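The values are calculated or read from the model by the stated rules, or taken from the named source; none is laboratory data. These numbers come from a predicted model, not from an experiment. Don't worry about glycine lacking a Cβ; one is built from the backbone with ideal geometry, like all the others, and counts go over all protein chains shown.
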């Protein structure tokens, strides 16, 4: 049963998906009302426990080397227990991450439908799967959970609202990036939302209007959620925290690492991130090619992987960078620390958590003037901000940093100080704990 991309096939896909949603929704509604009434009389266990719903595969999170974000949810003892659901993941399993946190992963069902072109049916069935999972867990959620947090308004914010309606547990939704920008830059996001974008945007607005709390990781997202109906009084800015002590690396360690890597005396340009269009990896290569004209011994290191890897390797060859680029794939966090410390300039054209880590490492950063970057990078002071797509300007900024090492060092230290003052882990955790306390009335 294959569906083409023609208007007729999309219409058929949408009609079948609507039928599945209506039938499944009706059955869930019949079960939900008596369940909610029965659960209201169930007493809660003492203590504070968080249920976090994440729209990503657990395996992908580990591969990207951002496991610190998982531990961040525990808030250094604020929660007595944390359970995090990752969907869609590669398998169904329950794992003990730490004495406090449990990881639960769910596989999507009916994958063959997506492969055959029945995308709307695939997403609808998996939405119902999440709703059924929530219904099956409603008793334990009622008894044990204090706060439900859905990451992104749709679909996990919608699931959080469903669970809160069933159980009476307090809930909120968090936003970690600009969805509009992601869809503009990432083909995979466009494909993911393409056939159901209007429905998704309607769901986003519904969730944001009703959420008891809306948490955004940076001030620039406040306006985005407000335009979609979020109550300003319920919005809190809760940035990610960075363990600054981890990223501070003695210069002697950096020098030794460069020597062991065969990079002594060579300018080192660093890129860390997924090799997807949203991170501008091809622009990184074009910048490196421009810089190499005046610094022929330049070494460009790419850490990360993704769907663009093969195309980027071919592009590096066309740009004359075959002997200048090292493709290292994803690396452990300790290796990232050493590579950041050893670099001369870090290129983070589009970054979220990666930009924070780059600044925390104390080496100068060149970024595009996009999204939230101005909240951390002050051009010429804590890094360089370049207009999107301005390859020549970015290359010129890199060359100046390479040719003025004292100024580059001062810029890196200023960025590290900005992280210390606003994003160091204890500061960020204190803000999040205060937001949770407001929600649960402590």
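Annotations
- Helices (runs of 4 or more DSSP H) wholly inside region 243-319 containing at least 3 residues that are over 30 Å from the mean Cα position of the chain (by Cα) and free of Cβ contacts under 8 Å to residues at least 60 places away in the same chain: 251-260
- Selected residue (criterion: farthest from residue 178 (Cα to Cα)) from residues of region 372-403 that are in contact (Cβ under 8 Å) with a residue 40 or more places away in the chain and touching a strand residue (DSSP E or B) at 6+ places or on another chain (Cβ under 6 Å): 401
- Sub-8 Å Cβ pairs linking a first residue in region 189-207 that is farther than 22 Å from residue 230 by Cα to a second residue that is modelled with pLDDT of 85 or more and surrounded by 18 or more Cβ atoms within 10 Å (Cβ to Cβ), at least 6 apart or interchain, are 189/278, ordered by first then second residue.
- Which numbered condition residue 228 fails, given (1) out of contact with any helix residue (DSSP H, G or I) (no Cβ under 8 Å at 6 or more places or on another chain); (2) surrounded by fewer than 22 Cβ atoms within 10 Å (Cβ to Cβ): (1)
- From the list 374, 420, the lone residue that is touching a helix residue (DSSP H, G or I) at 6+ places or on another chain (Cβ under 7 Å), at pLDDT below 95 and surrounded by fewer than 19 Cβ atoms within 10 Å (Cβ to Cβ) is 420.
- Scanning region 28-38 for residues that are under 15 Å from residue 129 (Cα atoms) and surrounded by 12 or more Cβ atoms within 10 Å (Cβ to Cβ) turns up 28, 31, 32.
- Failed item, numbered, when residue 218 is tested on (1) surrounded by fewer than 19 Cβ atoms within 10 Å (Cβ to Cβ); (2) in contact with a strand residue (DSSP E or B) (Cβ under 7 Å, 6 or more places away or on another chain); (3) at pLDDT below 90: (1)
- Screening region 69-128 for strands (runs of 3 or more DSSP E) wholly inside it with 3 or more residues that are not assigned by TED's automatic domain parsing to the domain that holds residue 198 returns no ranges.
- Annotation: residue 304 fulfils all but one of (1) out of contact with any helix residue (DSSP H, G or I) (no Cβ under 7 Å at 6 or more places or on another chain); (2) modelled with pLDDT of 95 or more; (3) crowded, with 19+ Cβ neighbours inside 10 Å; the unmet one is (2).
- Matching option when the condition is in the same structural domain as residue 221 (by TED's automatic domain parsing) and either part of a strand (DSSP E or B) or more than 19 Å from the chain's Cα centre (by Cα) (or both), among 431, 340, 326: 431
- The set of residues in region 79-95 being touching a strand residue (DSSP E or B) at 6+ places or on another chain (Cβ under 7 Å) and buried (at least 18 other Cβ atoms within 10 Å of the Cβ) consists of 79, 81, 82, 83, 84, 85, 86, 89.
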